[in-house]
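Report on one structure; see the data block that follows.
The values are calculated or read from the model by the stated rules, or taken from the named source; none is laboratory data. Note that the structure is predicted; figures quoted are calculated from it, not measured. Backbone-built Cβ (ideal geometry, glycine too); neighbour counts: all protein chains shown.
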């Protein structure tokens, strides 16, 4: 069987594209012919991802469309003759961008409007979390299910030599790590406020590391830097790396004492799985899909009390009696996202026909009536 995947833009290091490539490998392992097609492709991925302009893009017996942005792919997908599976990767609410970037505000608004045009025009609508599945259901999609991101956690556990980063991070400071774009929904400003509480009430030997692009919303990044100045925090204690290689990412995880997520809108949050794989205890604000992805693992807190969060961060950083059981729980949770389980759900997905997608009972690939809590 030919099982194609469509992604509007193919970028290395992007969670959607990385997941699609991992899914492609699993589909081929199942014996299917499988390729990825994209409108825009990074130079380093040319030859691996095929241009959407190729006629073969529309020739799949089943096509999985990874949706997160508006694009010409949306209408083309709705008109396909083969099986149409929508995988919804979340759209950040436009309100997060309103104070900082009118273009991104409009793009996010258009993305939700365009998503709605697919209601009644797909055979199956999947969210990467139940949180996103419920959003699809409210919009009128049916049937719906859950298929999470296929995260390659091995990329953060492979040993890599980056002596310069090792020397920088292997000192007396405690490293708190965040991985992802510096964007308004991620609430990086709350990391700065957390640093102020941590410095004041817990320990002054700290370092906050932000791995990922910081040029996506320039006005927002400028606000974050200004807040550091307002609090009179030492700027050298805050590292904004920009994009990094997999080898460098693994080194940052290796030196992290705690992974911190203060985001207020996530559809899945792949770095949570990476932190679990790297045995870095997770401290997370329990918003949107974060509690579902963690499934009771890590340390979650609500409401967003940053003074309490600073104390929790200190406990996770220094108290092995707290760290050990947290890490053990994260390892158990990570097993729920294993390859064997994911491959089984992909097989059920491809076998879907006649509007009756009935995969194994469980979190991954859950049908609409199972409402998983994890």
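At-a-glance table
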read-out: Only one of 36, 16 that is in contact with a helix residue (DSSP H, G or I) (Cβ under 6 Å, 6 or more places away or on another chain) and closer than 23 Å to residue 274 by Cβ; value: 36
read-out: Entirely in the stretch 215-315, the helices (runs of 4 or more DSSP H) that have 3 or more residues that are free of Cβ contacts under 8 Å to residues at least 12 places away in the same chain and farther than 25 Å from residue 129 by Cβ; value: 218-230
read-out: Yes/no for residue 115 being surrounded by fewer than 23 Cβ atoms within 10 Å (Cβ to Cβ), touching a strand residue (DSSP E or B) at 6+ places or on another chain (Cβ under 7 Å) and touching a residue at least 40 places away in the same chain (Cβ under 8 Å); value: yes
read-out: Residue 223 at pLDDT 95 or above, in contact with a strand residue (DSSP E or B) (Cβ under 8 Å, 6 or more places away or on another chain), within 29 Å of residue 104 (Cα to Cα) and surrounded by 15 or more Cβ atoms within 10 Å (Cβ to Cβ); value: no
read-out: Count of residues meeting criterion [out of contact with any helix residue (DSSP H, G or I) (no Cβ under 7 Å at 6 or more places or on another chain) and either outside the structural domain of residue 11 (by TED's automatic domain parsing) or closer than 19 Å to residue 59 by Cβ (or both)] in the stretch 24-33; value: 4
read-out: Any hit, the stretch 339-356, residues being under 17 Å from the mean Cα position of the chain (by Cα) and either in the same structural domain as residue 178 (by TED's automatic domain parsing) or closer than 25 Å to residue 128 by Cα (or both); value: yes
read-out: Strands (runs of 3 or more DSSP E) (entirely within the stretch 1-114) containing at least 1 residues that are within 19 Å of the chain's Cα centre (by Cα); value: 3-10, 62-67, 83-88
